[in-house]
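K.L.:
To start, I am sharing the structure in question, which I have written as structure tokens.
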Amino acid sequence: MSADGLTQEAVYLLDWIWTHTVQPEWPAREQRLRADVVARTSRLSVDGWAGVFPDLAGTMQWLGDGRLRVDDYPAPPLPLDRAEQLVFVPAHCVRGWVVWDQPTRFGMVYPARGILADAALPAPDGLDRLIGSNRAAILRRLGTPVSTSHLAALTGLSLGSVSDHLRVLLDSGVVTKRRSGREVLYWRTALGATLADATTDAPARHRPADQG
């Protein structure tokens, strides 16, 4: 096969993969990647690099003095003293990997967080009784950033209803938000996480009529 023929075959294969395996679900995948970036940026602002790296991969650790340990392999370190670019790329993968173009460009591809939550999460009775089942359902799904439209899809509520509940949760200080491109993403604050965790193991009791 000629070089031109090989190029055409490669282009056809890549186009087929995109059209049949990636494109149909790309909106959800893109939302997941955007949300991951927002979540980790927020973590960076609170905990610094030392708090971000272990969450990217269990073996990663910020050692200080410009040193980053990526894995436990006994390989010599890649010199970063002349690095001009260090990028971190979320991907839909199980395990990450490193990339480089020495001596100035380095990167880390890491697994994005699984924010596309299961539509049937456990329902802690105490949280439902405290704030109403609909608001509880929303709060339980905000461990990582999620958009209004995706919350509507997960909960089965209308966009208007989700927006109303989010407004109450925002005013209560249990949820925060940040814009990412054309979307606004919401996730739990420390108070919201404490509230959700504290009611997860509450004993089951009689549940009154829905307040949410």
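FYI, it's all coordinate maths here, none of it is from the lab. Since this is a predicted model, take the numbers as computed values, not measurements. Every residue, glycine as well, gets a Cβ built from its backbone with ideal geometry; the counts of neighbours run over all protein chains shown.
K.L.:
What is the packing order of peptides 160-170, 68-78, taking the mean over residues of other C-beta atoms within 10 Å and listing the highest first?
P.N.:
Top of the packing list down: 160-170, 68-78.
K.L.:
Using a Förster distance of 30 angstrom, determine the FRET efficiency expected from the C-beta separation of LEU159 and TRP97, and round it to 0.05.
P.N.:
0.20
K.L.:
Quote to one decimal, in nm, the extra length available between THR7 and ALA28 on full extension: 0.36 nm per residue of separation minus the C-alpha distance between them.
P.N.:
4.5 nm
K.L.:
Report relative contact order for the chain in percent, whole number only (criteria: Cα-Cα under 8 Å, sequence separation at least 6).
P.N.:
17 percent
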